[in-house]
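Some notes on the structure that comes next.
Read the figures in this text as sums done on the coordinates, not as results from a lab. Because the structure is a prediction, the values reported are computed rather than measured. Every residue, glycine as well, gets a Cβ built from its backbone with ideal geometry; the counts of neighbours run over all protein chains shown.
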Amino acid sequence: MGKSLTYKILEQHLVEGNLVPGEEIGVKIDQTLTQDATGTTAFLLFESMGVPRVRNELAVSYVDHNMSMFGPENHTDHLYLQTVAPKVGAYHSRPGNGICHQVHLERFAAPGKTLLGSDSHTPTAGGCGTLAIGAGGLDVAVAMGGGPFYMTAPKVIGIELKGSLQPWVAPKDVIFRVLSILTTKGNVSCIVEYFGQGVKSLAVPDRATITNMGAELGVTTSIFPADAMTRKYLKAQGREDQYKAMAPDRNATYDRITKKLHFEKDAASIGNIRKYCLGVEVTEPDKDGYGKVSFDRIVIDLSQLEPLVAAPGSPDNVETVKQNSGKKVNQVIVGSCTNSSFHDLMVVAKVLEGKTVHPSVEFSVAPGSRQVFHMLARNGALASLIAAGAKILESACGPCIGQGQSPAEGTVSVRSFNRNFTGRSGTLDDKVYLASPETCAAAAITGEFCDPRDLTAKGLAYPKVTWPSKFIIDDALILTPQTPEDAAQVEVFRGPTIVTPPAAEVPPVDLAGPVLIKVADKVTTDDIMPAGSFLKHRSNVPEYAKAVFFRFNKKDQPTFAQRGLAAKQAGQHGIVVGAESYGQGSSREHAALCPMYLGVRAVIAKSMERIHKANLVNFAIVPLLFVDPADYDKIDQGDELAVPGLLKAVESGDPTVTVQNRTKGTTFQCSLPLTTRERKILAVGGKLNHTRLTGAAGPGPGRSIRGSG
C-alpha cells in the first residue's frame, strides 16, 4: 500500500511511538509561531522552563490580534514581545506587518516542514505542503525549547478533487462543501489530505483558504501536496530554494472513516456523505437516534460546486447563496486569515471598480498583510476600493475576533471569515454569515444576498486577476533574532500587564465540589473565554479570569468567576459539565488556564475537542467523559459531585471512575481519556512541572529523529 503525504512527513519527524492510527506519537517540530493574544503567555511559560534560547529551526512571534489601543495594556504586551523574542532567538513580526497565517505563508512556510502554532488556524500553511498544527501556548513553548509535540497518530481522510472551479465559485466554497459533509464534530484525531487532478488548478493561497478553515472541522490539520503551483508561489516570494516536491504515493490509501451521527440532527450531513463519499455504509439508528456512517474517501468535482454560505451560529450550517437570495444585508467585511490574499482582494476591487457600495451596506476591507496592502496600493486597487466607499482596516485579525466592526443588533453581516459562533462578532444576538470574497462583493453592491454568478447576466464578467510573477518583498517589519552575545545586552520590557501565569496543582486526591456551570452542545472556547474587549487582559490571568463564561452570566446572579472563587475559598473543587464537542474553536489555552485559576479541577463532557482537552491536561484539570451520555441529563448546575480516589485513578491507569452526585443520591461512570504520558503530566501538576522535572523540552536541534535517514 502506498503512503499518504501526511504519513511521509510524520515518518520523517517521528521521535517517539509507532505510526499506527490511534497510538500516541511524538514528532519533532521544525517551526513554531505565536500571536500576541497567546504569545505573551507562551513566552512567559517558555521563560519559566529555564531554556535560555529557542532550539527549533525557526520561531516567529507575530502581533496581529490586540491591535486596538484603548488603554496601555496592548502596547505593553507588544513591547514585551518585541524584546523577549529576539532575546531568546525568535523572529518578531511587528504590528502592521500582517496576520500571522498570511505572513507565515508568504515568508516562512515550506513543503515538508512541521509547524506548531498557538493559534487554531495554523493549518493555513498546509496550503504550502507544511504539516501545520494548532496547539496551546504551553505546547508551543515546549516545542520552542526543542521538545517533541505529542499527538494521536491520525486517521487520514482523503479528499479527491476533480475538475476546476467555475467563474464566481471560490475556494471558500470548497471548504464549505467539506464542512457540510463532515460537520464540525466527530473528526478528532484525523487529518484531511487533498489530492487529485483538481488540486493542480488551485494556487497556494487558494489551498490555504481551504486548509485554514479546515480548523472548523475539528481535525488535527489539513494538507495539500507541494507541486508546480507551490514552486511558482515560492519563486514569486523569492523562496524557490525552499521548494521540494511533496506528494502522496500514486497508490496511496486513505483510512476508512466511521462517524457516529444522529439521524435527525445530522440528516443533512448523512445525505451529503451518501452524495460525495465512496464506499458508504450506514447502520440503523439506536433507540436514541444515533447510528454509524462509514466511508472510504470524499470526492468533490470542483466544476459542479456553486456559491455557498455558512448561516449564523456555526461554520457547518451550510446553505447555498440562492437559498438566501434577496435577504437584506447591512454589513459586509472582507478580510481575516481565511480570505485576505492579493487575489481575494483584487477580485473584490475589480467587482467594485466604478461602483458605489449599496446605501444599506457598511463595507470594510482588511488586507491580510503589509505585502498585500502595499501591492493593492501600488496597482491602484486600493484606490478603487476607497472610491467605492470601503472602509480600509489595518492588516490584522480585527473584527474576526470581535475587535471592532460589531454589527447592529438584529442585522445581517456577511463576512469572508472562518467562524460565526454566536456573539463572536461582539454583538450578542448577531446574524453573521460566512461567505467567499466573491459573494461578499456581490452583497456589497446589491445590498442583499445575490448569487455572484447572476452578476454576469447584469453585464459584469468575472474579474480576471493574474497572479504576480513576483510579490513585493519587504521584511523590514520582521525583527531577526539576536546572537547570544547581543541578546545578553537586551533588556526585556515587563510592564504591569505582564503577569507570570499562576502555577497548576496536582489533582485532588478526592474530588468534591459543585457543578459551577452546565452547558449544551458545541460550546466553544469563545464561549468559555471571550475575546473582544476582554482580550487586552490576556497577559494577566487574575484579571482575564473575571470574563470566564461571560456570555452565560445572568443579571442579578453571581458570575461564573464569583461562583468559582467562592467554592475555591471554601475548599471545594469546581466542576464544569459539558455536552458534545466541548471546547471547539480557538486554541486559546486561557479557556483552561483561567478556569484553573478559579478553582476548576475537572470537566465532564460527552465529547471534547483535541486542543482544548490537551490544554486542560497541561494545566492539571482532569478531563472526564460520560460513559453513558444519558447521564448528562441527570445533572443540574449546583449539584455537588464527588470522585473519591481521583488522583489514584489517574496515576494507576484506571480507565473509568465512579462519580457520585451527592445532591441527587445517584452515581454514574466516566472514562478517563488519557494516555500514559498525559497521566504523568496530571500526576505532577501540569505540563510545565512535567517539563521541568523530566527535561522534556529536549536537548535541542541535535536530537535524533527516527525515519530521518
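Assorted remarks:
- With 27 Å as the limit on Cα-Cα distance, the pairs of LYS155/LYS680; LYS8/LYS464; LYS328/LYS350 that go past it are LYS8/LYS464.
- Percent of beta bridges antiparallel (DSSP, the chain, rounded to nearest 5): 40 percent
- Estimated purely from DSSP H runs of n ≥ 4, each contributing -39500 (n - 2.57), the mean residue ellipticity at 222 nm for the chain is -8000 deg cm²/dmol once divided by its residues.
- Shape parameters for region 310-457, alpha-carbon atoms, Rg then Dmax in Å: 13.9, 40
- As a proxy for reagent exposure, ranking TRP168, TRP467 by other Cβ atoms within 10 Å from fewest up yields TRP467, TRP168.
- Cα convex hull, region 85-155: 106 Å³ per residue, rounded to a whole number.
- Under DSSP loop assignment and at most 12 Cβ neighbours within 10 Å, longest GluC sites (Glu not before Pro)-free interval of the chain: 24-263
- Here the relative contact order of region 511-694, from alpha carbon pairs under 8 Å that lie six or more residues apart, stands at 23 percent.
- In a reduced charge model with +1 at each Lys and Arg Cβ and -1 at each Asp and Glu Cβ, region 310-457 shows a dipole moment near 260 debye about its Cα centre.
- Computed over the chain, relative contact order equals 16 percent, with contacts defined as Cα pairs under 8 Å that lie 6+ residues apart.
- Estimated vicinal HN-Hα couplings, Hz - region 556-571 in sequence order (Karplus 6.51, -1.76, 1.60; Gly, Pro = x): 6, 10, x, 6, 4, 4, 5, 5, x, 5, 5, 5, 4, 5, 8, x
- Projected area averaged over orientations for region 511-694, convex hull of C-alpha atoms, nm²: 10.2 nm²
- Quarter of the Cα convex hull surface for the chain, i.e. its orientation-mean projected area (nm²): 29.1 nm²
- Each residue of region 431-436 was assigned a 3J(HN,Hα) from its phi angle through the Karplus curve 6.51 cos²θ - 1.76 cosθ + 1.60 (θ = phi - 60°); the sequence is 10, 9, 9, 9, 8, 6 Hz, with glycine and proline shown as x.
- Inter-label distance, ARG378 to LYS287: 6.9 nm, where each label sits 7 Å from its Cα along the C-beta direction.
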